[in-house]
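The values are calculated or read from the model by the stated rules, or taken from the named source; none is laboratory data. Model, not experiment: these values are computed from the prediction. Glycine also receives a Cβ, built like all others from the backbone with ideal geometry; neighbour counts cover every protein chain displayed.
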Number of protein chains: 2
Amino acid sequence: MEWIKDGNLDFLNKRKVEAKEEAQKSVASIIAAVKSDGDEALKNYTKQFDGIDLDSIRVTEEAMHEAASRVPEQVLKAIKQAASNIRAFHEKQVPKSWTETVKEGVVLGQKVTALDSVGVYVPGGTACYPSSVLMGAIPALVAGVKRVVLVSPPQKNGWIADGVLAAALEIGVHEIDQVGGAQAIAALAYGTESIKPVDKIVGPGNLYVMLAKKHVFGDVAIDSLAGPSEIAVVADETADASWIAADLLSQAEHDRLSMPILVTTSEAFGIKVEKEVEKQLQELPRVEIASASVYKQGKIILAADGHEAAAVINRIAPEHLELATRDPHEIFDLIHNAGAIFLGKYSSEPVGDYFAGPNHIIPTNGSARYASPLGVESFIKHSSIIEYSDEALQANGQAIAAFARFEGLEGHARAVEKRMKGAVIHG
Amino acid sequence: MEWIKDGNLDFLNKRKVEAKEEAQKSVASIIAAVKSDGDEALKNYTKQFDGIDLDSIRVTEEAMHEAASRVPEQVLKAIKQAASNIRAFHEKQVPKSWTETVKEGVVLGQKVTALDSVGVYVPGGTACYPSSVLMGAIPALVAGVKRVVLVSPPQKNGWIADGVLAAALEIGVHEIDQVGGAQAIAALAYGTESIKPVDKIVGPGNLYVMLAKKHVFGDVAIDSLAGPSEIAVVADETADASWIAADLLSQAEHDRLSMPILVTTSEAFGIKVEKEVEKQLQELPRVEIASASVYKQGKIILAADGHEAAAVINRIAPEHLELATRDPHEIFDLIHNAGAIFLGKYSSEPVGDYFAGPNHIIPTNGSARYASPLGVESFIKHSSIIEYSDEALQANGQAIAAFARFEGLEGHARAVEKRMKGAVIHG
């Protein structure tokens, strides 16, 4: 791992993965093909990219039940408990409509409504992520979205992974399409014979999925653009170096570009963690991926004190932040840029990845500077409410008309003045 | 205006203005130039596009005070009252951090923090929109954003309009840069010698501004992509045709592509409104713009009853919606896609454009399907909080590890199991 002892955080400016122009062109042409050829294009690309001849894009109820029956009982139980925790947490996020009489004759407010339809992208291929189904779809269901569609590429055996289908069944999502990549995003945005278009697309995916989401943004809504993910751990010598090393590795095993970062006030502790990482790394099944992450992206950053550690974290704006110091709440109060904050030495990051309840779809790559984890608010919107009485309009009409006229918008002024008693109509 | 009597809303599919590839290339090259040449590029483009030789990009305090002194007293008063109303409304939107012990040893929550810095784009050129300053910046200030930057292109006289500077002074925004177009967006996203980069860029602009916002999206946050705007009025014969016509025209005078829409259950009333629109149109200073809007974009849609009217509105998802029927609340309850809803015959749209308090930066072009007006939540983000005790980890560790292992993420399982007492470490 790279040691940083001088506070130089220039590595942050190099985090972004720039998409090659070739990839962008390829995504644009996939989207154009899906727009014009619909399902046929989806099948062609699935053949080309996933090596699968699709009979039908939609997964049948029967296939879902069969898939669930192949998932071990213990895992089904864990999925059920996780779903329940995730639902409970997100139910606390539901905003309420309100109106208020702010002055005599003036009612203002907000009407909160759910989106009509959303698409959730679940990564596939060699992986099987039922947790992505729960994290992507439950907030939408809690928000009250009527139509929740899952898309995921088929695996080598020609099907979406059993666990993914089992998780969908558990939470009551029944519209599942076996298609991935940029072609799936295009189908969700513009529709095909099999897939009706949606209002918003969420969920992480590979570079092509991300480029496609950016491409369709504006025609439909998307969540944030996912990039390489990070864990930052602030720990001191009161923490167990072996636990912290394991947490760093849990992030490292995701992806070669994942960035595991230790921020510590103790050089001795940093050395211990580094040794533990190197030891545990060799025993991991995904040693190859984790090694690339640890050795090319891993950082150990020395900070003079808690304040400096917090300042470093706020610059990094990590997706995941663990605080495993003597008094984690002290640093917690200083943090303002982090996706999910794990407090105390028992709050290992995987507790949140699967189970605790908060979402695991979290802003990556420094975007916690300006974005939040996926949540119910990602699936609702609100309308402003304005109700003026006759009296309120008479009382304020002159000011409104003066303002409008000053902006050169005479039609605006007149619309108000027409309603005013005894007003002079200009023009 | 075009009459639609058969419920065919195909015009909605043609609303989007497709950007020409040429415009996209031009925006990409402007952004690249600002990235590499900084202020020099900003000055070159301002010379090229606005015809102005800029000495300095930043507006001085002195210039702001001088500008404010040239604004009529009545307008300053209206700006002050509007600012106060807008502040009061947005203060109701501020979300609170929370934590809760959801089970023995399990604390979950959300920490709400403001963005560090934001840029507000204020359209300029021939127009002068102090209301855009109030609507863009006040929610950011209420959210607690420390650095709020305004950018606006200089007018022909070489300065940003007096009213814009006066509004900024009124609300306490002092970092104002005279630069517009794609170059301003690039400067806010990537920084120059004069302009430090921001975390988020908001505010409407022309096609180039919109393309630039889409281009930089992902490196910084943006609000939605503004397109042509709409007003839809649902009115019946209890409304005053002349008032409704004036309201439709207040939208029409904005832009040739603005879409004024009347939805009514009464053909006779529709005919009256149409005649009134044609009459009042001729008396408007911006008759040329308003005519293009009315005759090319304007619609009168006949609906069988209130339910059908609401269904039409939900398909349109208009930026502005006026309900001027016998019982506006009856239709209000059926509406789920609209940016701002004006209830009752005295609630003319300009009341909200300037004064009432809710934001006038509202999703356009049907994006009220999935987006909300600009608000405090546009300038905050939250971090999830997860705190598990030793006991909570022991109680749930097995389920978490089983779930992780099922997903093929052994490192995740081990990070949890390391903390478990008497657990078998696999692998």
Per the list (1) more than 7 Å from every other protein chain (Cβ to nearest Cβ); (2) closer than 30 Å to A:GLN93 by Cα, residue check on A:LYS421 breaks on (2)
For segment A:84-104, state whether one or more residues are under 30 Å from A:SER389 (Cα atoms), buried (at least 20 other Cβ atoms within 10 Å of the Cβ), assigned by TED's automatic domain parsing to the domain that holds A:ASN44 and not basic (Lys, Arg). no
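Somewhere in segment A:364-375, is a residue modelled with pLDDT of 95 or more, over 19 Å from B:LYS381 (Cβ atoms) and buried (at least 24 other Cβ atoms within 10 Å of the Cβ)? Don't jump to the end; show me each part of the working.
Going residue by residue through segment A:364-375, those that are modelled with pLDDT of 95 or more are A:368-375.
Applying the additional criterion that residues be over 19 Å from B:LYS381 (Cβ atoms) yields none.
No, because not a single residue in segment A:364-375 is modelled with pLDDT of 95 or more, over 19 Å from B:LYS381 (Cβ atoms) and buried (at least 24 other Cβ atoms within 10 Å of the Cβ).
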Does B:SER194 count as touching a strand residue (DSSP E or B) at 6+ places or on another chain (Cβ under 7 Å), under 18 Å from B:VAL34 (Cβ atoms) and hydroxyl-bearing (Ser, Thr, Tyr)? yes
Pull out all pairs, ordered by first then second residue, where Cβ-Cβ is under 7 Å, the residues are six or more apart or on different chains, the first lies in segment B:249-262 and is more than 14 Å from chain A (Cβ to nearest Cβ) and under 19 Å from B:ASN314 (Cβ atoms), and the second is assigned to a loop (DSSP other than H, G, I, E, B) and not aliphatic (A, V, I, L, M). B:MET259/B:PRO228; B:ILE261/B:PRO318
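How many residues does segment A:197-233 hold that are β-branched (Val, Ile, Thr) and under 20 Å from A:HIS254 (Cβ atoms)?
Filtering segment A:197-233 for residues β-branched (Val, Ile, Thr) gives A:198, A:201-202, A:209, A:216, A:220, A:222, A:231, A:233.
If we keep only those that are under 20 Å from A:HIS254 (Cβ atoms) as well, we get A:202, A:209, A:231, A:233.
Here the count works out to 4.
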I need a count of the residues in segment B:345-357 that are surrounded by 24 or more Cβ atoms within 10 Å (Cβ to Cβ) and more than 19 Å from B:ILE138 (Cβ to Cβ). 3
Residue within segment B:311-331 that is more than 8 Å from every other protein chain (Cβ to nearest Cβ) and polar (S, T, N, Q) present: yes
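Of these, B:LYS47, B:LYS35, which one is surrounded by fewer than 13 Cβ atoms within 10 Å (Cβ to Cβ) and either of a type in the set (A, V, I, L, M, F, W, C) or part of a helix (DSSP H, G or I) (or both)? Talk me through it step by step, then tell me what you get.
On the way: B:LYS35 fails: surrounded by fewer than 13 Cβ atoms within 10 Å (Cβ to Cβ).
Among B:LYS47, B:LYS35, only B:LYS47 is surrounded by fewer than 13 Cβ atoms within 10 Å (Cβ to Cβ) and either of a type in the set (A, V, I, L, M, F, W, C) or part of a helix (DSSP H, G or I) (or both).
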Pick from B:GLU288, B:GLU237: which is under 19 Å from A:ARG405 (Cβ atoms) and free of Cβ contacts under 8 Å to residues at least 60 places away in the same chain? B:GLU288
Can you name every residue in segment A:202-236 that is assigned to a loop (DSSP other than H, G, I, E, B), within 12 Å of chain B (Cβ to nearest Cβ) and over 26 Å from B:ASN365 (Cα atoms)? A:ALA226, A:GLY227
Specify which of the listed residues (B:PHE332, B:PHE379, B:PHE342, B:PHE403) is surrounded by fewer than 23 Cβ atoms within 10 Å (Cβ to Cβ) and within 29 Å of A:ALA114 (Cβ to Cβ). B:PHE332
Considering every residue within segment B:377-392, establish whether at least one is more than 7 Å from every other protein chain (Cβ to nearest Cβ), free of Cβ contacts under 8 Å to residues at least 12 places away in the same chain, of a type outside the set (D, E, K, R) and within 30 Å of A:LEU248 (Cα to Cα). no
Is it the case that A:ILE195 is among the β-branched types (Val, Ile, Thr) and within 16 Å of the chain's Cα centre (by Cα)? no
Among the residues of segment A:144-198, how many are on the phi > 0 side of the Ramachandran plot and assigned to a loop (DSSP other than H, G, I, E, B)? 4
Would you check which residues across segment A:289-326 are among the small types (Gly, Ala, Ser), more than 18 Å from A:GLU267 (Cα to Cα) and crowded, with 24+ Cβ neighbours inside 10 Å and list them? A:ALA290, A:SER293, A:ALA317
Residues that are within 30 Å of B:GLY352 (Cα to Cα) and either of a type in the set (Ser, Thr, Tyr) or within 12 Å of chain B (Cβ to nearest Cβ) (or both): does segment A:128-135 have at least one? no
Please go through segment A:55-71 and pick out each residue that is assigned to a loop (DSSP other than H, G, I, E, B), surrounded by 12 or more Cβ atoms within 10 Å (Cβ to Cβ) and out of contact with any Gly (no Cβ under 8 Å at 6 or more places or on another chain). A:SER56, A:ILE57, A:VAL59
Does at least one position in segment A:104-112 carry a residue that is more than 9 Å from chain B (Cβ to nearest Cβ), in contact with a helix residue (DSSP H, G or I) (Cβ under 9 Å, 6 or more places away or on another chain) and over 19 Å from B:GLN93 (Cα atoms)? yes
For segment A:3-25, how many residues are of a type in the set (Asp, Glu) and either within 22 Å of A:THR364 (Cα to Cα) or in a loop (DSSP other than H, G, I, E, B) (or both)? 3
